[in-house]
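J.: Pasting a structure below so you can have a look.
We did not get these values from a lab; they are worked out from the coordinates using the rules stated. Not measured: the values here are computed from a predicted model. As a convention, Cβ positions derive from the backbone with ideal geometry for all residues, glycine included, and neighbour counts pool all protein chains shown.
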Amino acid sequence: MAAQQAAGAESRHPGRRAVLGVTAGAAGAAALFGAASPAAAGARTGSRDIAAELPVPTVVAHRGACGYRPEHTLGAYQLGLDLGAHVIEQDLVPTKDGHLVCRHENDISGTTDVADHPEFADRRTTKTVDGQELTGWFTEDFTLRELKTLRATERIPEQRPHNTLYDGRWAVPTFEEVLRWAAEQGRRRDRPVWLYTELKHPTYFRSLGLGLEEPLARILRRHRLHRANSRLILQSFEPSSMERMARLVDTPRVVLLSSADSRPWDFVESGDPRTVADLVTRRGLREIAGYAQGTGPTLDLVIPRTSDGSLGRPTSLVADAHRAGLLVHPYTMRNENRYLPAEFRRGDDPHAYGDVFGALNAYFDTGIDGVFADHPDTALLAADDHRR
């Protein structure tokens with residue numbers, strides 16, 4: 001990571017618009033898609049530059065407006081859209097019968113009322129998912145019909161007690177339901193609704209015979225969202241999943257990046273010794289640009305925190321990614337003190353709001369193209385301030 005130290009002003013501007021879509025000329029297309037898949041290559045001619053439709057900085061409603069509503073519910077998605085978020089995020093996991101549903105994790109113990117259903121008591125089990133042992137209830141053990149008998153609940157009620165008001169109000173949505181919702185909202189607003197869709201634990205689910213990529217590609221094709229100019233962005237923490245999707249559809253793709261010393265789970269399974277630190281080198285980013293149009297790093301990869309929890313010196317990640325033709329959409333901004341860098345916390349209550357505007361301005365100053373936010377209204381205000 002030493003090679004990524006401070007990019008200075010150079011990191012603020014390069015490549016912001018030339019990242020998600022195909023530009024008018026062949027040179028622009030080559031910069032965007034490089035030597036990507038045949039699917040990507042076939043989408044180069046005649047596609048419009050969809051990046052021009054997204055403002056910079058882009059604000060993504062993380063799991064919907066999950067700072068105010070239980071995550072991954074139609075209520076959270078609707079509020080995120082109503083607050084003005086530019087893009088609404090979903091995470092996808094499968095059911096036992098192969099339907100794709102929107103949950104941050106396949107473990108639904110803390111995000112549904114499944115524990116209150118005695119008919120499912122015997123479904124509680126212990127599994128190892130991406131090397132982590134978990135005990136609870138899992139989507140892959142339920143048919144869609146069974147899952148639809150459950151109701152969504154707030155995942156972190158001790159931190160967001162006001163969100164518990166909405167416990168039980170919404171069911172777990174399928175991805176197809178979200179696509180229909182987005183299409184209807186687009187018609188009402190006379191503008192497209194952008195979606196950001198993550199494939200969760202793809203290697204794990206493939207080992208169960210519930211691979212995500214092929215079913216997702218079929219859904220995207222049915223809804224005509226398989227093109228390079230689709231208003232939908234795919235994402236995964238597993239690079240091989242985005243490579244697989246590049247062979248199936250032309251929909252834009254982003255590789256998510258966790259902490260520098262972590263390894264993507266598909267790397268662990270395949271014996272690839274590289275870590276995220278290797279992926280954020282210039283060479284690693286050029287490799288990602290061969291099959292994806294962007295990166296989604298943790299905010300600490302953009303500005304590391306010092307030993308006291310305050311912000312350190314920005315890395316060169318943003319400039320290096322832009323140089324490779326990649327956009328940068330880091331995650332996740334939250335208003336609460338416990339999530340903010342030390343210098344932006346206010347008071348001693350970890351659940352109280354801190355100076356999130358100050359923190360967002362520091363991140364926007366690095367030249368990031370957007371940010372995932374639990375409270376999209378706050379991020380939108382900060383983004384407006386930064387554009388002035």
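J.: Using a Gaussian network model of the chain with C-alpha springs under 10 Å, which one of A228, A182, A61 is most mobile by mean-square fluctuation?
T.: For the chain, modelled as a Gaussian network with Cα springs under 10 Å, the answer is A182.
J.: When only alpha-carbon atoms count, how far does segment 248-289 stretch along each of its three principal axes, as whole angstroms with the largest first?
T.: The Cα atoms of segment 248-289 stretch 30, 24, 15 Å along the principal axes, largest first.
J.: What is the Å³ per residue value for the convex hull set by the Cα atoms of segment 240-315?
T.: About 93 Å³ per residue, rounded to a whole number.
J.: A follow-up question, please. Please compute the Kirkwood hydrodynamic radius over segment 92-205, one decimal place, Å, based on all pairs of different Cα atoms.
T.: 15.3
J.: Long-range amide H contacts for T58: which residues qualify at under 5 Å (H placed 1.01 Å from N, peptide plane, sequence gap of 5 or more or a different chain)?
T.: Placed amide hydrogens put G370, V371 under 5 Å from T58.
J.: Work out from phi, with θ = phi - 60° and the Karplus expression 6.51 cos²θ - 1.76 cosθ + 1.60, the ³J(HN,Hα) of each residue of segment 339-346, listed in order in whole Hz, and give x for Gly and Pro.
T.: Each residue's phi maps through the Karplus curve to give 9, 8, x, 3, 6, 10, 7, 10 Hz.
J.: Shifting gears a bit: Two decimals is fine: what is log10 I(q)/I(0) at q = 0.11, 0.16, 0.23 Å⁻¹ for segment 295-388, from a Debye sum with one equal scatterer on every Cα and no solvent?
T.: Values returned for q = 0.11, 0.16, 0.23 Å⁻¹ are -0.29, -0.62, -1.22.
J.: Could I ask something else about it? Once both labels are modelled 7 Å past Cα along the beta-carbon direction, what's the I156-T306 spacing in nm?
T.: So the label points at I156 and T306 sit 2.5 nm apart.
J.: Moving to a separate point now. Counting each DSSP H run of 4 or more residues in the chain as -39500 (n - 2.57), what helix-only mean residue ellipticity at 222 nm follows after dividing by all residues, to the nearest 500 deg cm²/dmol?
T.: Value at 222 nm, helices only, nearest 500: -8000 deg cm²/dmol.
J.: Short version: what are the Cα gyration tensor semi-axes of segment 344-384, square root of 5 times each eigenvalue, largest first, in whole Å?
T.: 20, 11, 8
J.: Which percent, nearest 5, of DSSP beta bridges in the chain are antiparallel?
T.: 35
J.: Quick one: among D349, D250, D190, which has the greatest mean-square fluctuation in a GNM of the chain with alpha-carbon springs under 10 angstrom?
T.: Per the Cα network of the chain with a 10 Å cutoff, D190 tops the list.
J.: Name the residues whose placed amide hydrogens come within less than 5 Å of the amide hydrogen of M333, ignoring near sequence neighbours (fewer than 5 apart) on the same chain.
T.: Placed amide hydrogens put F372, A373, D374 under 5 Å from M333.
J.: Once the dipole of segment 63-182 is set up with Lys and Arg at +1 and Asp and Glu at -1 on Cβ about the Cα centre, which of L83, T135, N163 lies farthest towards its positive end?
T.: It is L83, whose Cα lies furthest towards the positive end.
J.: Taking only the alpha-carbon positions of segment 292-331 and ignoring solvent, what does the Debye formula give for the base-10 log of I(q)/I(0) at q = 0.16, 0.21 Å⁻¹?
T.: -0.40, -0.62
J.: Only Lys, Arg, Asp and Glu count, each charged at its Cβ (+1, +1, -1, -1), so figure out the dipole size of the chain about its Cα centre, rounded to 20 debye.
T.: Dipole magnitude for the chain comes out near 1440 debye.
J.: Could you state, as a whole-number percent, how many of the C-alpha pairs of segment 172-328 are farther apart than 24 Å?
T.: Here the tail beyond 24 Å accounts for 40 percent of pairs.
J.: Can you tell me which of E133, E158, E176 moves the most in a GNM of the chain? Springs connect C-alpha atoms under 10 Å apart.
T.: E133
J.: Under the rule of at least 5 residues apart or a separate chain, name every residue whose amide H is placed under 5 Å from the amide H of L327.
T.: Close amide H contacts, sequence-distant or interchain: G294, T295.
J.: Ordered by residue, what ³J(HN,Hα) values in Hz, to whole numbers, does segment 255-264 give under the Karplus form 6.51 cos²θ - 1.76 cosθ + 1.60, where θ = phi - 60° and Gly and Pro are x?
T.: 9, 7, 10, 8, 4, 4, 8, 7, 10, x
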